[in-house]
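Below is one structure, written out as structure tokens; the observations come after it.
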Amino acid sequence: MRTFSYVRAEDVDAALRAITEEPNAKFLGGGTNLVDLIREDIERPDTVVDITRLPLTEVEELPDGGVRIGAMTRNSHLAAHAVIRTRYPLVSQALLSGASGQLRNMATVGGNLMQRTRCLYFYDDAAACNKRSPGSGCDAIGGFSRGNAVLGASSSCAATHPSDLCVALAALDAVVEVRSSRGTRRVPLVDFHRLPRDTPSVETVLASDELITAVELPPPPPGGTQYRKVRDRASYAFALVSVAACLDVVDGNVSAIRLALGGVGTKPWRAYEAERLLLGAPATEESFRAAARAELASAVSLPHNAFKVDLAERTVVAVLRGLA
């Protein structure tokens with residue numbers, strides 16, 4: 001049984017001091033699945049800094065019509081918040097499609113961004129996994145790959161990012177606020193998670209001494225929004241494919257479009273090519289299908305996940321058709 005020292009931080013400055021001063025320290029907050037990873041001997045911190053009491057739980061309306069969400073806001077609270085349900089139903093839909101009610105009561109926004117992949121080989125210490133042990137290889141690429149990525153993968157890793165919330169945040173142009181002893185910086189959500197390339201163990205742009213303090217949403221996009229998740233069972237299952245879409249149609253043509261995909265990418269996948277083709281195009285099923293097909297043209301499937309390409313295309317078309 002691995003032992004570690006435990007620090008409970010009462011404010012952000014104390015948390016930052018602890019993470020800077022203690023060797024090999026990790027933040028413990030709802031949603032990161034850090035405890036599971038310690039049990040599996042995947043994470044091996046010398047110090048755990050408990051941030052669950054930090055005063056980062058407010059959901060605040062901003063002067064420009066956007067919203068600032070504290071990083072320690074519970075998923076269940078955010079999903080039920082009146083402003084989120086009214087202005088950003090996409091966020092509520094994504095949150096309510098993830099995990100169970102009990103887990104949503106514990107999970108947080110910041111923790112959701114930091115949760116790690118559920119790839120089978122990442123959790124199997126008898127398997128080769130570059131995320132868990134850099135340089136060891138990736139057994140998923142030649143193994144059972146049904147749940148793995150078809151977009152953004154490399155020869156080093158094909159693990160998907162598991163979050164539903166992050167897919168919705170990617171479609172909404174969310175910005176992540178992070179803080180360290182050096183100050184505060186803001187990172188677009190679409191740039192927060194990294195592609196695996198040849199360093200899949202480095203999953204985000206967050207430095208080891210930085211803490212997520214908030215996520216900000218710009219004013220709501222025009223038109224309708226929807227989050228749809230396709231999975232093996234109706235609850236408590238990760239996405240095979242998910243789609244977060246914002247669509248506005250004026251005079252039969254697409255006047256605004258934002259589209260993000262989950263379950264198919266190594267990070268929350270913003271579908272920029274599909275957006276480019278759809279903006280100004282007729283809001284027809286033919287246009288939707290052509291755009292989805294173009295976005296997925298770069299997909300590289302493994303022996304067991306080729307079905308995801310067709311499933312993603314059909315899900316994108318169905319969501320956009322419904323919104324149109």
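The values are calculated or read from the model by the stated rules, or taken from the named source; none is laboratory data. Keep in mind that this is a model prediction, so the values were computed, not measured. Ideal geometry is used to build each Cβ from the backbone, glycine not excepted, and the neighbour counts take in all protein chains shown. The protein model used for the area step is the full one, side chains on, heavy atoms only, and it has no ligands, DNA or RNA in it. Shrake-Rupley method; radii C 1.70, N 1.55, O 1.52, S 1.80 Å.
Descriptive notes on the structure:
- Against the chain, whose longest principal axis comes from its Cα atoms, helix 285-295 is set at around 40 degrees.
- Overall, the chain carries a charge dipole of about 580 debye about its Cα centre when +1 sits on the Cβ of Lys and Arg and -1 on the Cβ of Asp and Glu, all other atoms neutral.
- For segment 107-207, a simple Cβ point-charge model (Lys and Arg +1, Asp and Glu -1, everything else neutral) yields a dipole of about 260 debye relative to the Cα centre.
- Against the chain, whose longest principal axis is taken from its Cα atoms, helix 307-323 shows a tilt of about 70°.
- Loop chymotrypsin sites (Phe, Trp or Tyr not before Pro), segment 223-277 (other Cβ atoms within 10 Å of the site Cβ: 15 or fewer; DSSP): TYR236
- With both residues required to sit in the chain, DSSP beta bridges show an antiparallel share near 80%.
- Semi-axis lengths, Å, segment 252-291, gyration tensor of Cα atoms, sqrt of 5 times eigenvalues: 21, 10, 7
- When a 1.4 Å probe is rolled over the protein heavy atoms, the share of accessible surface on segment 257-316 that falls to carbon and sulfur comes to 57 percent.
- Per residue, segment 1-115 exposes an accessible area of 49 Å² to a 1.4 Å probe, with every protein chain left in place.
- Element breakdown for segment 155-255 at a 1.4 angstrom probe: carbon and sulfur atoms account for 48% of the accessible area.
- Beyond 22 Å, the tail of the calculated P(r) for segment 206-324 holds 38 percent of the Cα pairs.
- Rounded if a/c under 1.5, otherwise prolate or oblate - segment 196-244, Cα gyration tensor axes: oblate
- Averaging over all projection directions, the Cα-based convex hull of segment 231-278 occupies 4.2 nm² in the image plane.
- Stretch gain in nm, segment SER298-ASP13, where the contour uses 0.36 nm per residue and the Cα spacing is subtracted: 98.2 nm
- Label corresponding to Kirkwood radius over Cα pairs in Å when calculated from the structure given, among (1) 25.1; (2) 20.2; (3) 23.7: (2)
- Placing one equal scatterer on every Cα of segment 127-233 and applying the Debye formula, the log10 ratio I(q)/I(0) at q = 0.11, 0.23 Å⁻¹ is -0.46, -1.22.
- Relative contact order, percent, the chain [alpha-carbon distance under 8 Å, six or more residues apart]: 17
- Scalar couplings 3J(HN,Hα) for segment 143-159, obtained by applying the Karplus form with A = 6.51, B = -1.76, C = 1.60 to θ = phi - 60°, are x, 7, 10, 4, x, 8, 7, 10, 10, x, 6, 9, 5, 9, 6, 10, 7 Hz; x denotes Gly and Pro.
- Pairwise label distance in nanometres, ASP50 with SER180, each label 7 Å out on the Cα-Cβ vector: 2.7
- Note on segment 21-122: along the principal axes its Cα atoms extend 42, 34, 21 Å, ordered by decreasing extent.
- Report note on the peptides 210-221, 145-156, 8-19: ranked by the mean count of other C-beta atoms within 10 Å, highest first, their order is 145-156, 210-221, 8-19.
- Among GLY31, GLY110, GLY252, the residue with the largest mean-square fluctuation in a Gaussian network model of the chain, with springs joining Cα atoms closer than 10 Å, is GLY252.
- Segment 176-279, accessible area per residue, ligands and nucleic acids excluded (1.4 Å, Å²): 43
- Kirkwood Rh (inverse of mean 1/r, distinct Cα pairs), segment 1-77, angstrom: 13.8
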